[in-house]
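Read through the structure below, which is laid out as structure tokens, and then see the notes.
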Ligand code: DGL
């Protein structure tokens, strides 16, 4: 049904944010080939309905499979929250049960056990991720004793995408949400940055919260979890091509993608424009 070769690792995001995850994955495993797809024409996903996020993500995963990927990482919290499970359970068995789609929420939650002492966790995310309660559900499975408080930060993605995140105006929106979540649960000792864009806000976030609070920026956990997955699944690992190449596809203008991608990656890249249907 799908192309058999070559087999890069597929990385999907609604737009640019997944580049922060891709960056960590590639730094850790530079030998593999990667194919990144950003659905920039339809981003942001953060405020979209469950059905639409599922529909768009399904189209994107299918396209990556058609391009030869056997393993796709949903490097987007909103897509991981709203589409991953349905794709795994309903679509993969029909498409090709040997292909895999993995998300970013589980690897982030797995690390909590070694980090949090108070067992009170805060999650910053898009409205979609927070209202889906996906982090709560995943924490409940692994660490039922933990208490999770979510905070939707609808302005944080636009601040990054408009390159305003270092401006003084950004401080207001960053401080407001951090103060709110910490006053809702003052026992929080671990804060998950549950959105791909937020690592770019890290320096500012650090300024507004007490030093003893851990900030989990998920890229490194997703990368180490993927490495671990590949070591446990040689049937997948041996099929992946290892040329060290990365290609980028966007559903919006390739010039714009190339320009904005440099905010997220310290690298100049070339993208091609595609249509998803
Ligand atoms: N990539 C999305 C996430 O991690 C943020 C951008 C969007 O809303 O599409 O939730």
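Taking the conditions (1) modelled with pLDDT under 95; (2) closer than 29 Å to residue 72 by Cα; (3) more than 16 Å from the ligand (Cβ to nearest atom) in turn, residue 166 satisfies each one other than (2).
May I ask you to list the residues in region 106-116 that are under 15 Å from residue 191 (Cβ atoms), part of a helix (DSSP H, G or I) and touching a helix residue (DSSP H, G or I) at 6+ places or on another chain (Cβ under 8 Å)? Matches in region 106-116: 108, 109, 112. Just need a number here: residues in region 128-157 that are assigned to a helix (DSSP H, G or I) and either under 15 Å from residue 192 (Cα atoms) or more than 16 Å from the chain's Cα centre (by Cα) (or both). Of the residues in region 128-157, 13 are assigned to a helix (DSSP H, G or I) and either under 15 Å from residue 192 (Cα atoms) or more than 16 Å from the chain's Cα centre (by Cα) (or both).
The one condition from (1) touching a residue at least 60 places away in the same chain (Cβ under 8 Å); (2) in contact with a strand residue (DSSP E or B) (Cβ under 6 Å, 6 or more places away or on another chain) that residue 149 does not meet is (1). If you go through region 121-151 and keep only what is surrounded by fewer than 19 Cβ atoms within 10 Å (Cβ to Cβ) and within 13 Å of the ligand (Cβ to nearest atom), you end up with 127, 131. Of all residues in region 246-268, those satisfying the criterion of being modelled with pLDDT under 95, outside any helix (DSSP H, G or I) and exposed (fewer than 15 other Cβ atoms within 10 Å of the Cβ) are 266, 267, 268. Taking the criterion of being surrounded by fewer than 23 Cβ atoms within 10 Å (Cβ to Cβ) and within 17 Å of the chain's Cα centre (by Cα), the residues of region 89-106 that qualify are 100, 102, 106. Here 203, 212 are screened, and the one residue that is without any contact (Cβ under 8 Å) to a residue 24 or more places away in the chain and in a helix (DSSP H, G or I) is 203.
Within region 158-168, the set of residues being part of a loop (DSSP other than H, G, I, E, B) and in contact with a helix residue (DSSP H, G or I) (Cβ under 7 Å, 6 or more places away or on another chain) comprises 163, 164, 165.
The values are calculated or read from the model by the stated rules, or taken from the named source; none is laboratory data. Treat the numbers as computed from the prediction; the structure is a model and nothing was measured. Note that we place each Cβ from the backbone using ideal geometry, even for glycine, and neighbour counts take in every protein chain shown.
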